[in-house]
Each structure stands twice: as C-alpha cells, then as structure tokens.
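To start, the structure itself, in structure tokens.
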Amino acid sequence: MKATAVAHANIALVKYWGKRSEAAILPEAASLSIALDRLRTTTTVELGPAADSLELDGAPADPARARAVLDAAGIHDRARIVSRNDFPTGAGLASSASGFAALATAACAAAGLRRTPQELSALARRGSGSASRSVAGGWAVWEGETARQVLPPEHWDLRFCVALCAAGPKSTGSRDAMRISRDTSPYHRAWIEQCRRDLPRALHMLSARDLPGLGDLAEKNALRMHADMLASDPPLLYWEPATVGCLQALRDLRRAGTQAWVTIDAGPHVVAICAPPDAKQVETLLRGVSGVKDVLVCAPAGGARVLP
Ligand code: DP6
C-alpha cells in the first residue's frame with residue numbers, strides 16, 4: 001500500500017495553451033516536449049490513513065488536485081502523499097508536470113494497479129495537462145487524452161539551459177490564465193491554428209536533428225504564445241527585465257555565430273536550447289545577464305518510473 005515514483009519536468013517546443021474541455025483537461029491543439037534530467041520530483045504515496053494529506057518539500061499543501069488524479073484511477077482509499085523536488089522550489093519552475101506524473105505512477109503502484117504508460121499519462125493529465133507528457137518522458141507528443149514518447153531521450157543529445165529570472169512563484173497560474181486567453185484574446189484562434197501547423201514541421205525537424213530549424217520554430221512558437229497572453233484581458237505579462245535581457249543576449253550570441261534558441265513557459269524563466277559543446281558558453285552568457293539568479297543546464301531525460 002506504499003510506493004515511490006520519480007518523474008522529470010518537461011519543456012514544450014510546441015506549447016499547450018488552451019483547452020477544448022476544461023473539466024476533462026483536453027487540449028485544443030497537440031504539443032511536443034522534452035523531459036529535463038535535472039528537474040526531477042520524487043513522490044511517495046501511502047494508502048490507508050484516515051484523511052488525504054500532501055506534503056510538498058516539507059510544507060503542507062492542498063491535496064484537492066491530487067485527489068482528482070486518485071479518483072480518476074479508481075483509488076478511493078485516503079492517501080498520504082510526500083513529494084520532493086530536486087530543483088529550487090517556489091521559483092515558478094514547472095513542478096506540477098513532474099509532480100502529477102510521479103503521483104499518478106506512485107499511486108497506481110501503491111494500489112497494485114497495473115497501468116500502461118498511456119493510461120498513466122491520461123491519469124496524470126487530470127492533475128495538470130503538461131504532466132501527461134512527463135509520464136511519457138523523452139520527446140513526447142500529447143494529443144487528446146494521452147501523451148506518448150515519439151522518440152527516446154537518446155535520439156538527440158541537446159542541452160537546455162534554464163535561466164532563473166525571478167525568485168518568487170508566478171502571478172497567475174496556468175489554469176486560470178489559459179481560460180483568460182481563450183475567452184478574451186483576439187489572437188487565440190490564430191495561436192491554436194499556428195500550433196497545428198507547427199507540430200508536423202517540428203516532428204520532421206526533430207527526426208532530422210535539425211537544430212536551426214527546430215530552435216527557430218520553438219522560439220517563435222513560445223513568443224507567439226506570449227503574444228496571445230499579452231493580448232488577453234486582463235493582460236498576462238509573465239516577463240521580468242531579466243527575461244528580456246536573456247532574449248537579447250541570446251539573439252546577439254546567435255548573430256555572432258553560436259546556435260542557441262529560446263523558449264519560455266507561463267513564467268519569467270528562459271530556457272536556451274543548444275548543442276552540448278555550446279552549453280558552457282550559453283550558461284556563462286546567461287549568468288552574466290542582470291537579474292538572472294541561477295542557470296541549470298539540463299539534458300534529455302526519460303519517463304516516470306517506480307523506484308524499487
Ligand atoms: C505554458 O499543464 O500547467 O507550460 O493543464 O491547466 O494544469 P493545466 O496547465 P499546465 O500548463 C502548461 C502550460 C505551458 C506550456 C506547456 O507546457 O505546453
């Protein structure tokens with residue numbers, strides 16, 4: 001009645017920003033991501049206590065969204081959930097993806113339920129949409145109810161330099177922000193159509209290991225998502241001065257001949273994508289940008305797994 005699982009956060013190259021069903025957490029368009037080795041969550045689930053409880057990095061948290069995942073799995077026993085992140089917490093890094101992926105995997109193992117990765121992905125989605133991709137791990141596509149690994153992490157050894165551009169948690173959570181964009185942004189339909197065009201192109205470049213092609217596509221996809229956010233009412237502005245500083249520094253670096261591109265989720269942090277030999281130079285550059293607190297250099301990682 002007790003099991004522990006680990007899962008990695010992921011960064012999307014074609015983003016998920018918009019739901020066609022909010023109740024079921026179904027995306028309007030398919031997305032593509034890569035799991036990141038240094039952003040890892042370990043979660044233990046123990047079934048049988050009198051009430052649900054959740055401990056996140058040593059502090060009590062609301063177990064409501066975790067309960068939604070357990071209910072969807074048909075687990076009606078109460079659960080004691082203890083979750084720990086290997087990366088700085090409260091910094092607004094995407095811990096919900098790795099957290100719900102580890103939770104779904106650990107909970108089913110604790111209950112003795114045998115579930116396929118596809119089924120676990122659909123369960124994790126009930127906690128957070130992007131968590132469906134963290135169950136699959138590697139290069140993952142989420143379409144409809146589940147995500148699947150389209151290529152293993154070894155397919156392409158890239159580096160993802162995560163520049164922390166602010167200290168605190170983000171202002172508006174993705175759940176509310178996504179709804180605001182869909183309901184109020186005049187650009188939202190165009191954004192969704194863009195994602196539908198971007199995904200097949202991105203998959204082609206991924207299989208060909210075309211870094212300039214995929215980097216350029218991912219950077220434009222992220223900037224267009226932020227255009228949709230900015231056009232929302234109220235406007236969703238996630239960037240800090242350091243975010244813009246990183247964007248400009250990388251643009252200058254690229255003009256000087258180093259291949260590195262940028263993506264940004266619903267927060268201020270910048271993720272630079274580059275080949276392994278260029279990672280040191282990119283890391284040093286980002287550390288020098290005013291306001292950058294830290295830089296975590298990540299490599300591709302696999303999916304969620306139960307620890308022995
Ligand atoms: C900007 O998965 O956190 O990171 O499904 O409402 O829980 P909910 O949202 P969440 O949104 C992630 C949005 C994003 C883009 C992405 O990861 O694809």
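The values are calculated or read from the model by the stated rules, or taken from the named source; none is laboratory data. Just so it is clear, the model here is predicted, and its values are computed rather than measured. Every residue, glycine among them, receives a Cβ derived from its backbone with ideal geometry; neighbour counts consider all protein chains shown. Accessible surface is based on the protein model in full, side chains and every heavy atom, while ligands, DNA and RNA are left aside. Shrake-Rupley method; radii C 1.70, N 1.55, O 1.52, S 1.80 Å.
Sorting the segments 160-167, 147-154 by their residues' average number of neighbouring beta-carbon atoms within 10 angstrom, most packed first, yields 160-167, 147-154.
Just want to confirm a number: the relative contact order over the chain, from Cα pairs under 8 angstrom separated by 6+ residues, in percent. Please list the in-between numbers first.
On the way: 727 pairs, mean separation 77.0, N = 308.
Contact order relative to length: 25 percent.
Extension gain for residue 290 to residue 76 (0.36 nm times residue separation, less C-alpha to C-alpha distance): 72.1 nm.
Dipole magnitude for the chain: computed about the Cα centre from +1 point charges on Lys and Arg Cβ and -1 point charges on Asp and Glu Cβ, it is near 280 debye.
I need the peptides 134-146, 100-112, 288-300 ranked by packing, meaning the mean over residues of other C-beta atoms within 10 angstrom, with the highest value on top.
100-112, 134-146, 288-300
Projecting the Cα atoms of 14, 281, 260 onto the charge dipole of the chain (Cβ charges, centred on the Cα centre) puts 14 farthest toward the positive pole. Calculated accessible area for the chain comes out at 41 Å² per residue, all protein chains present (probe 1.4 Å; ligands, DNA, RNA ignored).
For the pair residue 24 and residue 255, label points projected 7 Å from Cα toward Cβ lie 4.9 nm apart.
Within 10 Å of each candidate Cβ there may be at most 14 other Cβ atoms; applying that plus a DSSP loop requirement, which GluC sites (Glu not before Pro) in region 1-81 survive? For GluC sites (Glu not before Pro) across region 1-81 that sit outside H, G, I, E and B with at most 14 neighbouring Cβ atoms in 10 Å, the list reads 22.
Averaging the sequence gap over all C-alpha pairs within less than 8 Å and six or more residues apart, then dividing by the number of residues, gives region 166-308 a relative contact order of 25 percent. Here region 1-132 exposes an accessible surface that is 50 percent carbon and sulfur, computed with a 1.4 Å probe and the other protein chains kept in place.
Taking a straight line from the alpha carbon of residue 220, these lysines sit under 16 Å away, with near neighbours fewer than eight places off in the same chain left out: 15. Per-residue ellipticity at 222 nm computed for the chain from its helices equals -12000 deg cm²/dmol, with DSSP H segments shorter than 4 residues left out and the rest contributing -39,500 (n - 2.57). Using a Gaussian network for the chain with springs between C-alpha atoms less than 10 Å apart, which of these wobbles most: 284, 263, 42? Highest fluctuation of the listed residues: 284.
Leaving out ligands, DNA and RNA, and with a 1.4 Å probe, what % of the accessible surface on region 180-308 is carbon or sulfur? Roughly 55 percent, rounded to a whole number.
Once you sort the root eigenvalues of the Cα gyration tensor of region 188-249 as a ≥ b ≥ c, which label holds: rounded (a/c under 1.5), prolate (a/b larger than b/c) or oblate (the other case)? Verdict is oblate for region 188-249.
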